[in-house]
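In what follows, a structure is listed as structure tokens, so that the remarks can point back to it.
The values are calculated or read from the model by the stated rules, or taken from the named source; none is laboratory data. Please read these numbers as outputs of a predicted model, since none were measured by experiment. All Cβ positions, even for glycine, are placed from backbone atoms using ideal geometry, and neighbour counts span all protein chains on display.
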Amino acid sequence: MQGSVWFYVVCAIWAVAVVGALIRATRFTYMVEARSGRPLLRNGLPGFANIVPVALNIGVARDEETQSLRREVVKRLLMILGGFVAFALFLAVAGQGEAA
């Protein structure tokens, strides 16, 4: 019983960390798009975050500050990818522990 509780605690912490990193990457994406001159909606708000084109440096301003913000987006996306890899390893280890 104790082992399953820790499994759910780790899963919840991982989920909150990944969602937080995605939210932060999205906020950086909005900043990059604002500096790159992307059009806004009629009410003045950004339409949606183009996270993939920003990460791939498509249509992004070339000044150093914008590029540093773009690198922050890429760093957050790599953190998310690393989180998924670590979680897959955790699931593999947890699955072997239950089989024993």
Revision key, fill the gap. When residue 63 is run through (1) at pLDDT below 90; (2) over 17 Å from the mean Cα position of the chain (by Cα), the failure sits at (1)
Check your understanding: Which of the residues belonging to region 44-100 are touching a Leu at 6+ places or on another chain (Cβ under 9 Å), aliphatic (A, V, I, L, M) and in contact (Cβ under 8 Å) with a residue 40 or more places away in the chain?
Key -> 77, 80
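It is to be established whether one or more residues within region 40-48 are among the aromatic types (Phe, Trp, Tyr) and either more than 20 Å from the chain's Cα centre (by Cα) or modelled with pLDDT of 90 or more (or both).
No, region 40-48 has no match at all.
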**Study point:** Residue in region 70-83 that is loosely packed, with under 12 Cβ neighbours inside 10 Å and either of a type in the set (Phe, Trp, Tyr) or in contact with a Phe, Trp or Tyr (Cβ under 6 Å, 6 or more places away or on another chain) (or both) present
**Key:** no
Practice item. State all residues of region 36-56 that are crowded, with 16+ Cβ neighbours inside 10 Å and of a type outside the set (A, V, I, L, M); if no residue qualifies, say none. Key: 36, 38, 50, 53
Practice item. For residue 35, indicate whether it is charged (D, E, K, R) and under 30 Å from residue 4 (Cα atoms). Key: no
